[in-house]
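Asker: I have a structure I would like to understand better, so I am pasting it below and will then ask my questions one at a time.
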Amino acid sequence: MNKPLPSDLNKEQRSAIESVVKDILESDLSGQYGGHTLKSLHELQQQEGSGEAMSPTALAEQPCDISEKHLPTIVQNLNSIRSTAESATHAIMNATENIQALLGMLDEKMEQLIRKELNMIVQACAFQDLTGQQMTRIVDSVEEIEFSVDGILSSMGNKNAARRYKEIAARRVKEKASGKKSLSGPQNIVVKDKQAEIDNMFDT
Amino acid sequence: MNTKTPILVVDDYKTMVRIIRNLLVQLGFDDVDDASDGSEALQRMSSKRYGLVISDWNMEPMNGLDFLKAVRAGNGDNTQVPFIMVTAESKQSSVQEAKEAGVNNYIVKPFSADTLRTKIDSVLG
């Protein structure tokens, strides 16, 4: 559950939280956080209760960090995961097809056995398509948040955010005119076997 | 099932095209073309008669439903081509919409080679 940061945090505490978040975003996705994170957490614990008031400058900087640093990093990491998964899947498919080409050299019984297992590998590769689609939706959502944050900052007088906001708004108008980003397929994610349900619809 | 039937696979994910193509080859089909969206598929269909179309729903710029409607509204050789929609997501109203637009069958991803074979059997007879 997301909770807003307490309003009485001082600049150092907020900076330490920011470092922790940054460290997590830049972690190697193994779940192991670096020493920087552990140090920052320790500093946070030490500063707890210091009662120092937050300056207006610190308040103003925080939202900028969200749209200029953190959200782009999330998008970058997600795109990297998607790209890596795609490359790995193609490598698996290449190897599978190479093996399939050699099956004729085996006796019929062995050929059938290996072909069956290779088919399982091919079918399992569909994960990349499914995760890729969902990753795209997550990236779209993060970009939507980025756009909204820039809109808020723009209304507060931030020139960089105003420039980005105008650029994205203009790009969206172009995309709408060209028909891009207008996918209108069904949107609910399948979490259980829907095939039988759909088969019934075609039987009636 | 006539394995000489020319098949057009339409999907913007290259991996899924490869998977479906691979499974079709395993089923014995050797005349398989592909396209990355509805517009490209319509171009291919303007120069070749297909016996089956297997299409994704979520594609850019022309999605699978609009592609299906364009095929059925056309007046060429492919107007009545058997059409199987393949998608990761399903909602009854959307499936119904596809059915009303003239889809012959609908496969939910992820699917097995057996499901693909069964659906092809059902539309090709």
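Asker: Taking a 27 Å limit on the Cα-Cα distance, which of the listed pairs A:K109/B:K48; A:K109/B:K109; B:K48/B:K69; A:K176/B:K119; A:K116/B:K109 fall beyond it?
Answerer: Working: A:K109/B:K48 38 Å; A:K109/B:K109 30 Å; B:K48/B:K69 18 Å; A:K176/B:K119 35 Å; A:K116/B:K109 19 Å.
Violating the 27 Å Cα-Cα cut-off are A:K109/B:K48; A:K109/B:K109; A:K176/B:K119.
Asker: Taking only C-alpha pairs under 8 Å that are 6+ residues apart, what is the relative contact order of chain B in percent?
Answerer: Working: 206 pairs, mean separation 28.7, N = 125.
Averaging sequence separation for qualifying contacts and normalising by length gives 23 percent for chain B.
Asker: Moving on to the next point. Scattering from the C-alpha atoms of the stretch A:63-181 alone, worked out with Debye: what is log10 I(q)/I(0) at q = 0.12, 0.17, 0.21, 0.22 1/Å?
Answerer: So the normalised log intensities are -0.63, -0.90, -1.12, -1.16.
We did not get these values from a lab; they are worked out from the coordinates using the rules stated. Everything quoted here is computed from the prediction, not taken from an experiment.
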